[in-house]
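First the structure, in the form of C-alpha coordinates, and then the observations on it.
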Amino acid sequence: MDKLIIEGGTRLRGEIRISGSKNASLPILIAALMADGDVVLENVPKLKDIKTTLELLTLLGCHSVFNGNHEVEISAGNLVPEAPYDLVRTMRASVLCLGPLLAKLGRAKVALPGGCAIGSRPVDLHLRALEQMGARFNLESGYIMGACKRLRGAHIVFDFPTVGGTENLLMAASLAKGETILENAAREPEVTDLANFLNACGAKITGQGTSIIKITGVTSLSGSRYRVMSDRIEAGTYMAAGAITGGDLLLTNCPFEELEAVIAKFRAMGVYIDKESPGVRVKAEGDLVCVDVVTLPYPGFPTDMQAQIMAVMCVANGSGMIRETIFENRFMHALELIRMGAKIKLSGQNAVIRGGAELKGAPVMASDLRASASLVLAALRARGTTEVQRIYHLDRGYESMEKKLSGTGAIIKRETEL
Ligand code: UD1
(Lines give C-alpha, C1' and ligand atoms only; values in the text may rest on other atoms or scores of the structure.)
Protein backbone atom coordinates (compact mmCIF):
# COMPACT_ATOMS: atom_id res chain seq x y z
CA MET A 1 0.00 0.00 0.00
CA ASP A 2 1.34 3.45 -0.88
CA LYS A 3 2.11 6.09 1.71
CA LEU A 4 3.12 9.75 1.54
CA ILE A 5 6.20 11.01 3.32
CA ILE A 6 5.96 14.72 4.01
CA GLU A 7 8.60 17.04 5.44
CA GLY A 8 6.70 20.01 6.86
CA GLY A 9 7.51 23.67 7.20
CA THR A 10 7.66 24.98 3.62
CA ARG A 11 5.56 27.95 2.55
CA LEU A 12 3.85 26.87 -0.66
CA ARG A 13 4.32 29.22 -3.61
CA GLY A 14 3.27 28.85 -7.21
CA GLU A 15 0.46 27.66 -9.41
CA ILE A 16 -1.87 24.68 -9.08
CA ARG A 17 -4.34 23.66 -11.77
CA ILE A 18 -7.61 22.39 -10.35
CA SER A 19 -8.92 19.20 -11.95
CA GLY A 20 -12.42 18.37 -13.07
CA SER A 21 -14.93 17.56 -10.35
CA LYS A 22 -15.06 13.98 -9.09
CA ASN A 23 -18.54 14.32 -7.61
CA ALA A 24 -19.93 15.85 -10.82
CA SER A 25 -18.17 13.34 -13.10
CA LEU A 26 -19.54 10.25 -11.31
CA PRO A 27 -23.28 10.88 -11.89
CA ILE A 28 -22.66 12.34 -15.36
CA LEU A 29 -20.72 9.23 -16.42
CA ILE A 30 -23.52 7.05 -15.10
CA ALA A 31 -26.18 9.21 -16.80
CA ALA A 32 -24.39 8.57 -20.10
CA LEU A 33 -25.76 5.03 -20.06
CA MET A 34 -29.21 6.49 -20.79
CA ALA A 35 -28.10 8.27 -23.98
CA ASP A 36 -28.78 6.65 -27.34
CA GLY A 37 -25.80 8.35 -29.02
CA ASP A 38 -22.14 8.76 -28.06
CA VAL A 39 -21.26 10.95 -25.10
CA VAL A 40 -17.94 12.77 -24.87
CA LEU A 41 -17.03 14.31 -21.51
CA GLU A 42 -14.21 16.81 -21.08
CA ASN A 43 -12.38 17.79 -17.88
CA VAL A 44 -12.84 14.38 -16.24
CA PRO A 45 -10.21 13.85 -13.50
CA LYS A 46 -7.94 10.79 -13.58
CA LEU A 47 -8.92 9.16 -10.30
CA LYS A 48 -9.54 5.76 -8.81
CA ASP A 49 -13.29 6.49 -8.42
CA ILE A 50 -13.53 7.40 -12.11
CA LYS A 51 -11.81 4.15 -13.05
CA THR A 52 -14.26 2.26 -10.84
CA THR A 53 -17.19 4.06 -12.51
CA LEU A 54 -15.89 3.12 -15.97
CA GLU A 55 -15.62 -0.50 -14.77
CA LEU A 56 -19.22 -0.28 -13.59
CA LEU A 57 -20.28 1.10 -16.99
CA THR A 58 -18.51 -1.82 -18.69
CA LEU A 59 -20.38 -4.31 -16.48
CA LEU A 60 -23.62 -2.52 -17.31
CA GLY A 61 -22.92 -3.00 -21.03
CA CYS A 62 -21.36 0.33 -22.05
CA HIS A 63 -18.16 0.88 -23.95
CA SER A 64 -15.89 3.67 -22.68
CA VAL A 65 -12.46 5.05 -23.49
CA PHE A 66 -10.42 7.47 -21.36
CA ASN A 67 -8.40 9.61 -23.77
CA GLY A 68 -5.13 11.17 -22.66
CA ASN A 69 -6.56 14.65 -22.38
CA HIS A 70 -9.06 14.16 -19.53
CA GLU A 71 -11.67 13.21 -22.09
CA VAL A 72 -13.94 10.18 -21.80
CA GLU A 73 -16.06 8.74 -24.62
CA ILE A 74 -18.98 6.50 -23.71
CA SER A 75 -21.36 4.57 -25.91
CA ALA A 76 -24.12 2.45 -24.44
CA GLY A 77 -24.57 -1.04 -25.88
CA ASN A 78 -26.91 -3.80 -24.75
CA LEU A 79 -27.48 -2.82 -21.16
CA VAL A 80 -27.23 -5.32 -18.30
CA PRO A 81 -29.19 -4.17 -15.22
CA GLU A 82 -26.86 -5.36 -12.46
CA ALA A 83 -24.35 -3.50 -10.25
CA PRO A 84 -22.52 -6.16 -8.20
CA TYR A 85 -21.61 -5.89 -4.52
CA ASP A 86 -17.84 -6.02 -5.15
CA LEU A 87 -18.08 -2.74 -7.00
CA VAL A 88 -20.71 -0.98 -4.92
CA ARG A 89 -18.84 -1.66 -1.70
CA THR A 90 -15.74 0.12 -3.06
CA MET A 91 -17.76 3.09 -4.32
CA ARG A 92 -21.15 3.96 -2.86
CA ALA A 93 -21.94 6.29 -5.75
CA SER A 94 -22.58 3.13 -7.84
CA VAL A 95 -26.09 3.25 -6.41
CA LEU A 96 -26.69 6.15 -8.81
CA CYS A 97 -27.26 3.62 -11.60
CA LEU A 98 -30.57 2.62 -10.01
CA GLY A 99 -32.60 5.49 -11.49
CA PRO A 100 -31.06 5.29 -15.00
CA LEU A 101 -31.49 1.48 -15.22
CA LEU A 102 -35.12 1.61 -14.09
CA ALA A 103 -35.85 4.43 -16.51
CA LYS A 104 -34.14 2.74 -19.42
CA LEU A 105 -34.83 -0.99 -18.84
CA GLY A 106 -37.59 -1.16 -16.25
CA ARG A 107 -35.46 -3.28 -13.92
CA ALA A 108 -32.34 -2.99 -11.82
CA LYS A 109 -30.38 -5.17 -9.44
CA VAL A 110 -28.02 -3.02 -7.41
CA ALA A 111 -26.13 -4.08 -4.30
CA LEU A 112 -27.29 -2.18 -1.22
CA PRO A 113 -24.36 -0.09 -0.02
CA GLY A 114 -23.51 -0.87 3.58
CA GLY A 115 -22.14 1.51 6.18
CA CYS A 116 -18.99 3.48 5.57
CA ALA A 117 -16.33 5.22 7.62
CA ILE A 118 -18.38 8.40 7.94
CA GLY A 119 -21.70 6.89 8.99
CA SER A 120 -24.57 4.65 8.01
CA ARG A 121 -25.55 6.53 4.80
CA PRO A 122 -28.82 4.81 3.87
CA VAL A 123 -30.54 5.17 0.45
CA ASP A 124 -34.12 5.11 1.76
CA LEU A 125 -34.90 8.53 0.30
CA HIS A 126 -33.81 7.40 -3.19
CA LEU A 127 -36.03 4.31 -2.96
CA ARG A 128 -39.07 6.09 -1.56
CA ALA A 129 -38.95 8.72 -4.30
CA LEU A 130 -38.54 6.12 -7.07
CA GLU A 131 -41.50 4.22 -5.59
CA GLN A 132 -43.60 7.37 -6.00
CA MET A 133 -42.72 7.18 -9.70
CA GLY A 134 -44.03 3.61 -9.92
CA ALA A 135 -40.97 1.47 -9.10
CA ARG A 136 -41.26 -1.50 -6.74
CA PHE A 137 -38.34 -2.74 -4.64
CA ASN A 138 -37.42 -5.93 -2.81
CA LEU A 139 -34.28 -6.69 -0.88
CA GLU A 140 -32.81 -10.07 -1.84
CA SER A 141 -29.43 -11.36 -0.62
CA GLY A 142 -28.18 -7.83 -0.01
CA TYR A 143 -29.37 -6.59 -3.39
CA ILE A 144 -32.01 -3.96 -4.14
CA MET A 145 -34.22 -5.59 -6.80
CA GLY A 146 -36.17 -2.88 -8.59
CA ALA A 147 -38.80 -3.19 -11.31
CA CYS A 148 -41.27 -0.88 -13.01
CA LYS A 149 -43.25 -0.28 -16.17
CA ARG A 150 -42.36 3.09 -17.69
CA LEU A 151 -41.72 5.40 -14.72
CA ARG A 152 -44.32 8.15 -14.37
CA GLY A 153 -43.87 11.72 -13.23
CA ALA A 154 -44.57 12.47 -9.55
CA HIS A 155 -44.50 15.26 -7.01
CA ILE A 156 -41.68 14.35 -4.64
CA VAL A 157 -40.83 16.19 -1.46
CA PHE A 158 -37.49 15.04 -0.02
CA ASP A 159 -37.26 14.86 3.79
CA PHE A 160 -33.66 16.04 3.39
CA PRO A 161 -31.94 17.62 0.36
CA THR A 162 -29.96 14.48 -0.46
CA VAL A 163 -27.35 14.96 -3.18
CA GLY A 164 -27.34 11.37 -4.48
CA GLY A 165 -31.12 11.07 -4.11
CA THR A 166 -31.72 14.23 -6.16
CA GLU A 167 -29.28 12.96 -8.81
CA ASN A 168 -30.91 9.52 -9.03
CA LEU A 169 -34.32 11.15 -9.43
CA LEU A 170 -33.15 13.71 -11.99
CA MET A 171 -31.93 10.86 -14.18
CA ALA A 172 -34.99 8.67 -13.65
CA ALA A 173 -37.45 11.51 -14.25
CA SER A 174 -35.73 12.59 -17.47
CA LEU A 175 -37.06 9.48 -19.23
CA ALA A 176 -40.34 9.15 -17.27
CA LYS A 177 -43.81 9.75 -18.64
CA GLY A 178 -45.03 13.21 -17.64
CA GLU A 179 -43.81 15.85 -15.26
CA THR A 180 -41.85 15.39 -12.04
CA ILE A 181 -41.39 18.05 -9.40
CA LEU A 182 -38.58 17.59 -6.87
CA GLU A 183 -39.08 19.71 -3.77
CA ASN A 184 -36.40 20.25 -1.13
CA ALA A 185 -33.97 19.10 -3.82
CA ALA A 186 -30.22 19.35 -3.28
CA ARG A 187 -28.79 22.62 -4.65
CA GLU A 188 -25.16 21.47 -4.87
CA PRO A 189 -23.35 22.67 -8.02
CA GLU A 190 -22.65 19.03 -8.97
CA VAL A 191 -26.43 18.42 -9.12
CA THR A 192 -26.77 21.46 -11.40
CA ASP A 193 -23.93 20.15 -13.57
CA LEU A 194 -25.73 16.81 -13.96
CA ALA A 195 -28.99 18.59 -14.89
CA ASN A 196 -27.13 20.73 -17.45
CA PHE A 197 -25.55 17.62 -18.95
CA LEU A 198 -28.94 15.88 -19.18
CA ASN A 199 -30.37 18.99 -20.88
CA ALA A 200 -27.47 18.90 -23.34
CA CYS A 201 -28.67 15.36 -24.19
CA GLY A 202 -32.23 16.57 -24.76
CA ALA A 203 -33.78 16.35 -21.27
CA LYS A 204 -36.18 19.06 -20.12
CA ILE A 205 -35.09 20.19 -16.67
CA THR A 206 -35.61 23.62 -15.12
CA GLY A 207 -34.94 24.98 -11.64
CA GLN A 208 -31.61 23.18 -11.07
CA GLY A 209 -29.60 25.06 -8.46
CA THR A 210 -32.82 25.89 -6.56
CA SER A 211 -34.69 23.62 -4.18
CA ILE A 212 -37.58 23.05 -6.62
CA ILE A 213 -36.63 21.25 -9.82
CA LYS A 214 -39.10 20.49 -12.62
CA ILE A 215 -38.44 17.67 -15.07
CA THR A 216 -40.64 16.99 -18.09
CA GLY A 217 -39.93 13.45 -19.22
CA VAL A 218 -38.81 12.78 -22.80
CA THR A 219 -38.82 9.47 -24.67
CA SER A 220 -35.10 9.34 -25.44
CA LEU A 221 -31.83 11.13 -24.78
CA SER A 222 -29.19 11.78 -27.42
CA GLY A 223 -25.43 11.82 -27.08
CA SER A 224 -23.56 15.09 -26.53
CA ARG A 225 -20.18 16.64 -25.80
CA TYR A 226 -20.05 18.23 -22.34
CA ARG A 227 -17.39 19.83 -20.13
CA VAL A 228 -17.61 18.78 -16.47
CA MET A 229 -17.24 21.57 -13.87
CA SER A 230 -14.01 21.96 -11.90
CA ASP A 231 -13.66 20.42 -8.47
CA ARG A 232 -14.70 22.89 -5.76
CA ILE A 233 -13.58 20.59 -2.95
CA GLU A 234 -10.13 20.04 -4.46
CA ALA A 235 -9.87 23.83 -4.90
CA GLY A 236 -10.95 24.39 -1.28
CA THR A 237 -8.35 21.88 -0.12
CA TYR A 238 -5.54 23.80 -1.90
CA MET A 239 -6.90 27.04 -0.41
CA ALA A 240 -6.43 25.33 2.96
CA ALA A 241 -2.89 24.30 1.91
CA GLY A 242 -2.05 27.93 1.11
CA ALA A 243 -3.56 29.02 4.42
CA ILE A 244 -1.90 26.47 6.70
CA THR A 245 1.58 26.98 5.23
CA GLY A 246 1.46 30.80 5.09
CA GLY A 247 1.76 30.39 1.34
CA ASP A 248 0.96 32.25 -1.85
CA LEU A 249 -0.85 30.16 -4.47
CA LEU A 250 -2.53 30.86 -7.77
CA LEU A 251 -5.27 28.28 -8.45
CA THR A 252 -6.21 28.00 -12.13
CA ASN A 253 -9.28 26.30 -13.64
CA CYS A 254 -10.70 27.11 -10.20
CA PRO A 255 -14.38 27.49 -9.25
CA PHE A 256 -15.10 30.66 -7.25
CA GLU A 257 -18.82 31.44 -6.78
CA GLU A 258 -19.40 27.75 -5.88
CA LEU A 259 -16.96 28.16 -2.98
CA GLU A 260 -18.55 31.25 -1.46
CA ALA A 261 -19.17 29.75 2.00
CA VAL A 262 -15.64 28.29 2.15
CA ILE A 263 -13.97 31.49 0.95
CA ALA A 264 -15.98 33.54 3.48
CA LYS A 265 -14.63 31.38 6.34
CA PHE A 266 -11.02 31.51 5.11
CA ARG A 267 -11.28 35.28 4.71
CA ALA A 268 -12.68 35.56 8.25
CA MET A 269 -9.62 33.58 9.40
CA GLY A 270 -7.34 36.19 7.79
CA VAL A 271 -6.54 34.53 4.44
CA TYR A 272 -6.54 36.69 1.30
CA ILE A 273 -8.55 34.98 -1.45
CA ASP A 274 -9.66 36.72 -4.63
CA LYS A 275 -9.93 36.35 -8.36
CA GLU A 276 -6.67 37.40 -10.02
CA SER A 277 -6.30 36.63 -13.70
CA PRO A 278 -5.78 33.86 -14.73
CA GLY A 279 -7.12 32.23 -11.55
CA VAL A 280 -7.77 32.63 -7.86
CA ARG A 281 -5.01 33.96 -5.58
CA VAL A 282 -4.70 32.55 -2.04
CA LYS A 283 -2.27 34.34 0.25
CA ALA A 284 -1.74 33.94 3.99
CA GLU A 285 0.81 36.39 5.33
CA GLY A 286 -0.07 37.20 8.93
CA ASP A 287 -1.43 35.12 11.79
CA LEU A 288 -4.73 33.36 11.27
CA VAL A 289 -7.63 33.26 13.73
CA CYS A 290 -10.09 30.45 14.46
CA VAL A 291 -13.73 30.74 13.38
CA ASP A 292 -16.92 28.78 14.02
CA VAL A 293 -18.17 26.49 11.26
CA VAL A 294 -21.43 24.58 10.79
CA THR A 295 -21.63 22.13 7.90
CA LEU A 296 -24.86 22.42 5.93
CA PRO A 297 -26.32 21.50 2.55
CA TYR A 298 -25.26 23.90 -0.24
CA PRO A 299 -25.00 26.89 -0.22
CA GLY A 300 -23.87 26.30 3.38
CA PHE A 301 -20.36 25.22 4.37
CA PRO A 302 -19.70 21.78 2.76
CA THR A 303 -19.11 18.75 4.97
CA ASP A 304 -16.43 17.74 2.43
CA MET A 305 -14.32 20.75 3.59
CA GLN A 306 -14.85 20.19 7.32
CA ALA A 307 -11.72 18.10 7.94
CA GLN A 308 -9.51 20.49 5.97
CA ILE A 309 -10.63 23.67 7.77
CA MET A 310 -10.19 21.84 11.08
CA ALA A 311 -6.52 21.26 10.23
CA VAL A 312 -6.04 24.97 9.52
CA MET A 313 -7.83 25.98 12.72
CA CYS A 314 -5.43 23.83 14.75
CA VAL A 315 -2.60 26.29 14.00
CA ALA A 316 -4.64 29.53 14.03
CA ASN A 317 -4.97 31.80 17.07
CA GLY A 318 -7.89 31.58 19.50
CA SER A 319 -10.53 28.86 19.61
CA GLY A 320 -13.30 27.78 17.30
CA MET A 321 -16.09 25.27 17.09
CA ILE A 322 -17.09 22.99 14.26
CA ARG A 323 -20.55 21.43 14.17
CA GLU A 324 -21.01 18.58 11.69
CA THR A 325 -24.70 18.27 10.79
CA ILE A 326 -24.60 16.20 7.57
CA PHE A 327 -22.86 12.97 8.62
CA GLU A 328 -22.61 11.16 11.92
CA ASN A 329 -19.11 9.99 12.83
CA ARG A 330 -17.19 12.39 10.60
CA PHE A 331 -14.49 13.45 13.08
CA MET A 332 -12.10 10.52 12.75
CA HIS A 333 -9.36 12.86 11.47
CA ALA A 334 -9.49 14.79 14.75
CA LEU A 335 -8.01 11.81 16.61
CA GLU A 336 -5.08 11.65 14.19
CA LEU A 337 -4.60 15.44 14.29
CA ILE A 338 -4.40 15.16 18.10
CA ARG A 339 -1.57 12.65 17.61
CA MET A 340 0.27 15.42 15.75
CA GLY A 341 -0.20 17.86 18.64
CA ALA A 342 -3.57 19.45 17.85
CA LYS A 343 -5.82 20.50 20.74
CA ILE A 344 -9.31 19.29 19.87
CA LYS A 345 -12.20 18.17 22.09
CA LEU A 346 -15.00 16.14 20.58
CA SER A 347 -18.52 15.97 21.90
CA GLY A 348 -21.16 14.38 19.67
CA GLN A 349 -21.65 16.54 16.59
CA ASN A 350 -19.29 19.22 17.90
CA ALA A 351 -15.55 19.69 17.86
CA VAL A 352 -13.90 22.47 19.84
CA ILE A 353 -10.49 23.43 18.52
CA ARG A 354 -8.04 25.31 20.68
CA GLY A 355 -5.69 26.91 18.18
CA GLY A 356 -2.02 27.76 18.38
CA ALA A 357 -0.81 24.14 18.22
CA GLU A 358 2.79 23.40 17.27
CA LEU A 359 2.13 20.42 15.03
CA LYS A 360 4.79 17.72 14.95
CA GLY A 361 5.28 15.01 12.32
CA ALA A 362 4.00 11.51 13.14
CA PRO A 363 2.87 8.37 11.38
CA VAL A 364 -0.86 8.85 10.75
CA MET A 365 -3.62 6.93 9.06
CA ALA A 366 -6.89 8.18 7.66
CA SER A 367 -10.32 6.66 7.48
CA ASP A 368 -11.73 8.47 4.45
CA LEU A 369 -10.90 10.77 1.59
CA ARG A 370 -11.27 14.22 3.17
CA ALA A 371 -9.81 13.02 6.48
CA SER A 372 -6.69 11.99 4.55
CA ALA A 373 -6.53 15.44 2.97
CA SER A 374 -6.63 17.09 6.40
CA LEU A 375 -3.68 14.96 7.54
CA VAL A 376 -1.66 15.98 4.47
CA LEU A 377 -2.44 19.62 5.29
CA ALA A 378 -1.33 19.22 8.91
CA ALA A 379 1.83 17.44 7.70
CA LEU A 380 2.71 20.33 5.37
CA ARG A 381 2.76 22.60 8.40
CA ALA A 382 4.21 20.23 11.03
CA ARG A 383 7.79 20.21 12.25
CA GLY A 384 9.54 17.01 11.13
CA THR A 385 8.38 14.10 9.02
CA THR A 386 4.86 12.75 8.69
CA GLU A 387 3.98 9.45 7.09
CA VAL A 388 0.40 9.44 5.82
CA GLN A 389 -0.65 5.84 5.41
CA ARG A 390 -3.57 4.32 3.49
CA ILE A 391 -3.40 6.98 0.79
CA TYR A 392 -5.63 4.94 -1.50
CA HIS A 393 -8.31 7.21 -0.03
CA LEU A 394 -6.52 10.25 -1.50
CA ASP A 395 -6.12 8.53 -4.85
CA ARG A 396 -9.90 8.15 -4.99
CA GLY A 397 -10.44 11.89 -4.99
CA TYR A 398 -7.30 13.98 -5.59
CA GLU A 399 -5.58 13.85 -8.96
CA SER A 400 -1.76 13.85 -8.67
CA MET A 401 -1.85 15.47 -5.25
CA GLU A 402 1.83 14.98 -4.49
CA LYS A 403 2.84 16.37 -7.90
CA LYS A 404 0.64 19.43 -7.49
CA LEU A 405 2.01 20.08 -4.00
CA SER A 406 5.67 19.46 -4.83
CA GLY A 407 5.28 21.84 -7.80
CA THR A 408 4.70 24.62 -5.23
CA GLY A 409 7.64 23.72 -3.01
CA ALA A 410 6.25 21.04 -0.69
CA ILE A 411 8.66 18.28 0.28
CA ILE A 412 6.51 15.26 -0.36
CA LYS A 413 7.09 11.86 -1.90
CA ARG A 414 5.13 8.67 -2.43
CA GLU A 415 6.50 5.35 -1.23
CA THR A 416 5.09 2.09 -2.41
CA GLU A 417 4.97 -0.65 0.21
CA LEU A 418 4.86 -4.16 -1.13
C1 UD1 B 1 -22.62 13.35 -1.71
C2 UD1 B 1 -21.16 13.44 -2.03
C3 UD1 B 1 -20.34 13.50 -0.74
C4 UD1 B 1 -20.84 14.63 0.15
C5 UD1 B 1 -22.35 14.53 0.35
C6 UD1 B 1 -22.93 15.72 1.12
C7 UD1 B 1 -20.89 12.28 -4.12
C8 UD1 B 1 -20.38 11.08 -4.85
N9 UD1 B 1 -20.76 12.27 -2.80
O10 UD1 B 1 -22.83 12.12 -1.01
O11 UD1 B 1 -18.97 13.71 -1.08
O12 UD1 B 1 -20.20 14.56 1.40
O13 UD1 B 1 -23.02 14.46 -0.93
O14 UD1 B 1 -22.63 16.92 0.47
O15 UD1 B 1 -21.36 13.22 -4.73
N16 UD1 B 1 -29.34 10.20 3.65
C17 UD1 B 1 -30.36 9.41 4.14
N18 UD1 B 1 -31.11 8.69 3.25
C19 UD1 B 1 -30.89 8.74 1.90
C20 UD1 B 1 -29.85 9.57 1.42
C21 UD1 B 1 -29.08 10.29 2.32
O22 UD1 B 1 -30.59 9.32 5.34
O23 UD1 B 1 -31.61 8.09 1.14
C24 UD1 B 1 -28.49 10.94 4.63
C25 UD1 B 1 -27.06 10.41 4.62
O26 UD1 B 1 -26.92 9.30 5.48
C27 UD1 B 1 -26.28 11.61 5.08
C28 UD1 B 1 -27.08 12.79 4.49
O29 UD1 B 1 -28.36 12.28 4.19
O30 UD1 B 1 -26.28 11.71 6.48
C31 UD1 B 1 -26.44 13.38 3.24
O32 UD1 B 1 -26.38 12.41 2.24
P33 UD1 B 1 -26.38 12.77 0.68
O34 UD1 B 1 -26.63 14.24 0.49
O35 UD1 B 1 -27.29 11.82 -0.01
O36 UD1 B 1 -24.87 12.48 0.29
P37 UD1 B 1 -24.31 11.53 -0.83
O38 UD1 B 1 -25.05 11.72 -2.11
O39 UD1 B 1 -24.16 10.15 -0.28
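The values are calculated or read from the model by the stated rules, or taken from the named source; none is laboratory data. Please read these numbers as outputs of a predicted model, since none were measured by experiment. Here the Cβ is made from the backbone with ideal geometry for all residues, glycine too, and neighbour counts use every protein chain on show. We work out accessible area using only protein heavy atoms, side chains counted, and drop any ligands, DNA or RNA first. Shrake-Rupley method; radii C 1.70, N 1.55, O 1.52, S 1.80 Å.
Values as computed for the structure displayed
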item: Condition check for R92: open to solvent by 70 Å² or more (accessible area, probe 1.4 Å), in the same structural domain as K48 (by TED's automatic domain parsing) and either among the charged types (D, E, K, R) or in contact with a Lys or Arg (Cβ under 6 Å, 6 or more places away or on another chain) (or both); result: no
item: Subset of the range 171-187 [open to solvent by 10 Å² or more (accessible area, probe 1.4 Å) and either of a type in the set (F, W, Y) or within 16 Å of the ligand (Cβ to nearest atom) (or both)]; result: E183, N184, R187
item: So I144, is it closer than 20 Å to L60 by Cα and within 13 Å of the ligand (Cβ to nearest atom); result: yes
item: Entirely in the range 1-75, the strands (runs of 3 or more DSSP E) that have 1 or more residues that are within 16 Å of the ligand (Cβ to nearest atom), in contact with a Cys (Cβ under 6 Å, 6 or more places away or on another chain) and assigned by TED's automatic domain parsing to the domain that holds S372; result: none
item: Conditions (1) at pLDDT 95 or above; (2) touching a Leu at 6+ places or on another chain (Cβ under 8 Å); number of the one not met by K343; result: (2)
item: Members of the range 188-228 that are over 23 Å from D36 (Cβ atoms), crowded, with 20+ Cβ neighbours inside 10 Å and touching a Ser or Thr at 6+ places or on another chain (Cβ under 9 Å); result: E188, P189, E190, V191, I213
item: Qualifying positions in the range 246-267 - in a helix (DSSP H, G or I), open to solvent by 10 Å² or more (accessible area, probe 1.4 Å) and in contact (Cβ under 8 Å) with a residue 24 or more places away in the chain; result: E258, E260, A261, K265
item: Residue within the range 282-292 that is assigned by TED's automatic domain parsing to the domain that holds E358, closer than 22 Å to K22 by Cβ and not small (G, A, S) present; result: yes
item: Cross-chain or 6+ apart pairs with Cβ under 7 Å, the range 307-324 first and under 12 Å from L337 (Cβ atoms), then of a type in the set (S, T, Y); result: A307/S374; Q308/T237; Q308/S374; M310/S374; A311/S374
item: Residue ID - farthest from S75 (Cα to Cα), chosen from residues in the range 3-39 that are among the charged types (D, E, K, R) and touching an Asp or Glu at 6+ places or on another chain (Cβ under 7 Å); result: R13
item: Residue satisfying all of: in the range 357-373; of a type in the set (D, E, K, R) and closer than 22 Å to G397 by Cβ; surrounded by the most Cβ atoms within 10 Å (Cβ to Cβ) among these; result: R370
item: Output for the range 147-170, where each listed residue is within 12 Å of the ligand (Cβ to nearest atom) and either modelled with pLDDT under 95 or over 17 Å from G217 (Cα atoms) (or both); result: F158, D159, F160, P161, T162, V163, G164, G165
item: Enumeration of residues in the range 69-107 that are within 21 Å of L125 (Cβ to Cβ) and of a type in the set (G, A, S); result: A83, A93, S94, G99, A103
item: From E7, E15, E42, residue being of a type in the set (D, E), within 16 Å of F197 (Cβ to Cβ) and surrounded by fewer than 18 Cβ atoms within 10 Å (Cβ to Cβ); result: E42
item: Selection status of F137, open to solvent by 10 Å² or more (accessible area, probe 1.4 Å), within 15 Å of the ligand (Cβ to nearest atom), modelled with pLDDT of 95 or more and part of a strand (DSSP E or B); result: yes
item: Total residues in the range 373-401, condition modelled with pLDDT under 95 and assigned to a helix (DSSP H, G or I); result: 6
item: The range 101-132: number of residues that are open to solvent by less than 40 Å² (accessible area, probe 1.4 Å), within 15 Å of the ligand (Cβ to nearest atom), within 30 Å of C201 (Cα to Cα) and of a type outside the set (G, A, S); result: 7
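Residues checked against (1) within 18 Å of A117 (Cα to Cα); (2) in contact with a Lys or Arg (Cβ under 6 Å, 6 or more places away or on another chain); (3) among the basic types (K, R):
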residue: P302; (1), (2), (3): yes, no, no
residue: A307; (1), (2), (3): yes, yes, no
residue: F327; (1), (2), (3): yes, no, no
residue: M332; (1), (2), (3): yes, no, no
residue: A342; (1), (2), (3): no, no, no
residue: L346; (1), (2), (3): yes, no, no
residue: I353; (1), (2), (3): no, no, no
residue: G356; (1), (2), (3): no, no, no
residue: T386; (1), (2), (3): no, no, no
